[in-house]
Amino acid sequence: MNFDNVSNIAYLGPQASFSEMAKDLFCARYNIKSYPTPMQTIRQVIEYVEDNPNTLGVLPVENSIEGTVRESLDTLMHCKNQNIKILSQIIMPIRHCLLARTTEFYSITGGIISHPQAIAQCQNFIHDELPRNINIIETTSTAEAARSLANYNLTYAAIGSEKTAEVYNLNILKANINDDKSNQTRFVLIGDFETEKTGHDRTSIAFSTDNRPGALLEILNIFYQNNINLSYISSRPSKQEFGDYIFIVNFDGHIRSKKILNTLTKLKEKTTFMKFLGSYEKNVS
């Protein structure tokens, strides 16, 4: 893909967030030299890419422990510009650290500050190593947690990355405090661009069916009959009527493949809603 004309790349900020680290990896991979544009929410990232031509966005979409990032998928499914799609992915290891302005670990008795997912991913450490009555404060990102430490006394600490510690001049009291040491997050690059077939691609779609017995089975049979491997399936509430769901699936192949295009045509006949989310190289880490 050629991104020479890209003017801006938006991501979930502020500086030193995991999304910024993913943005840096995408920029290095595709030699993107556009202006970095941090946003306060995932929705703002997607809306910025929608409203500004020749821009890209970086979104977290799935964590190996916490599962899908609902805001990313929900907003991407319903964005106004139907041409905004997933262009590439990066799977990035997530290593959390306990950060503080003090150097004394045992002085952390006041509170822990971080993004809700980071807090959830470090539950064992918080339970086993910190006081039982410690205050838990949620923020919009791990970087915002580190920045906000300036507003608290030295008994408070944040959960963030090594880069977060470097940028905000904090001490790493404990490293790699994740409950699961294999913790990873999948980030995607989005924009109004077209991708080329590589021979080892993945396509993502979202769809809904009639609420009747066998409706989902009919969809799965279409994949089976066309010998297409499904690698992921999940459901999300449609937000329109209680009990109605939207399904998100990933499967092998590229939309420019005749087999995939024919399959999607057959799927459309069996669905009440279908959204193409993108075709992109799958074996990239």
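The values are calculated or read from the model by the stated rules, or taken from the named source; none is laboratory data. Computed from a predicted model, the values in this text were never measured in an experiment. Virtual Cβ from ideal backbone geometry, glycine too; neighbours counted across all protein chains shown.
Of all residues being assigned to a loop (DSSP other than H, G, I, E, B) and among the β-branched types (Val, Ile, Thr) in segment 1-55, which is nearest to the chain's Cα centre (by Cα)? Just the residue, please.
So the first thing to find is which residues in segment 1-55 are assigned to a loop (DSSP other than H, G, I, E, B), and the list is 1-7, 13-17, 31-34, 40-41, 52-54.
Okay, now just the ones that are also among the β-branched types (Val, Ile, Thr), so 6, 32, 41.
Details: Val6: 21, Ile32: 20, Thr41: 12 Å.
Restricting to residues being assigned to a loop (DSSP other than H, G, I, E, B) and among the β-branched types (Val, Ile, Thr), the top hit is Thr41.
Considering only residues that are in contact (Cβ under 8 Å) with a residue 60 or more places away in the chain and surrounded by fewer than 18 Cβ atoms within 10 Å (Cβ to Cβ), which ones fall in segment 31-49?
Gln40, Thr41
I'd like the residue in segment 63-82 that is within 19 Å of Gln184 (Cβ to Cβ) and assigned to a loop (DSSP other than H, G, I, E, B) and, out of all such residues, is modelled with the highest pLDDT.
If we take residues in segment 63-82 being within 19 Å of Gln184 (Cβ to Cβ) and assigned to a loop (DSSP other than H, G, I, E, B), then Val69 is modelled with the highest pLDDT.
Is one or more of the residues making up segment 143-153 free of Cβ contacts under 8 Å to residues at least 60 places away in the same chain and over 20 Å from Pro14 (Cα atoms)?
Going residue by residue through segment 143-153, those that are free of Cβ contacts under 8 Å to residues at least 60 places away in the same chain are 145, 148-153.
Right, trim to over 20 Å from Pro14 (Cα atoms) and you get 153.
Checked segment 143-153: at least one residue is free of Cβ contacts under 8 Å to residues at least 60 places away in the same chain and over 20 Å from Pro14 (Cα atoms).
Counting only residues that are surrounded by fewer than 18 Cβ atoms within 10 Å (Cβ to Cβ) and either of a type in the set (A, V, I, L, M) or not assigned by TED's automatic domain parsing to the domain that holds Ala118 (or both), which one in segment 136-166 is farthest from the chain's Cα centre (by Cα)?
The residue in question is Leu154.
Take Ile260 and decide whether it is of a type outside the set (Phe, Trp, Tyr), more than 23 Å from Thr75 (Cα to Cα), outside the structural domain of Ile86 (by TED's automatic domain parsing) and surrounded by fewer than 20 Cβ atoms within 10 Å (Cβ to Cβ).
On the way: of a type outside the set (Phe, Trp, Tyr): yes; more than 23 Å from Thr75 (Cα to Cα): yes; outside the structural domain of Ile86 (by TED's automatic domain parsing): yes; surrounded by fewer than 20 Cβ atoms within 10 Å (Cβ to Cβ): no.
Spelling it out, it is not the case that Ile260 is of a type outside the set (Phe, Trp, Tyr), more than 23 Å from Thr75 (Cα to Cα), outside the structural domain of Ile86 (by TED's automatic domain parsing) and surrounded by fewer than 20 Cβ atoms within 10 Å (Cβ to Cβ).
Take the conditions in the same structural domain as Thr155 (by TED's automatic domain parsing) and among the charged types (D, E, K, R) and apply them to Arg101. Does it pass? It would help to see each step written out before you state the result.
Details: in the same structural domain as Thr155 (by TED's automatic domain parsing): yes; among the charged types (D, E, K, R): yes.
Answer is yes for this residue.
For segment 235-255, which residues satisfy the criterion of being over 19 Å from the mean Cα position of the chain (by Cα) and of a type outside the set (S, T, N, Q)? Don't jump to the end; show me each part of the working.
Filtering segment 235-255 down to residues over 19 Å from the mean Cα position of the chain (by Cα) leaves 238-245, 252-255.
Those that are over 19 Å from the mean Cα position of the chain (by Cα) and of a type outside the set (S, T, N, Q): Lys239, Glu241, Phe242, Gly243, Asp244, Tyr245, Asp252, Gly253, His254, Ile255.
Just checking, which of Phe247, Phe251, Phe273, Phe187 is assigned by TED's automatic domain parsing to the domain that holds Val69, within 24 Å of Cys79 (Cβ to Cβ) and either surrounded by 12 or more Cβ atoms within 10 Å (Cβ to Cβ) or out of contact with any Cys (no Cβ under 7 Å at 6 or more places or on another chain) (or both)?
The conditions single out Phe187.
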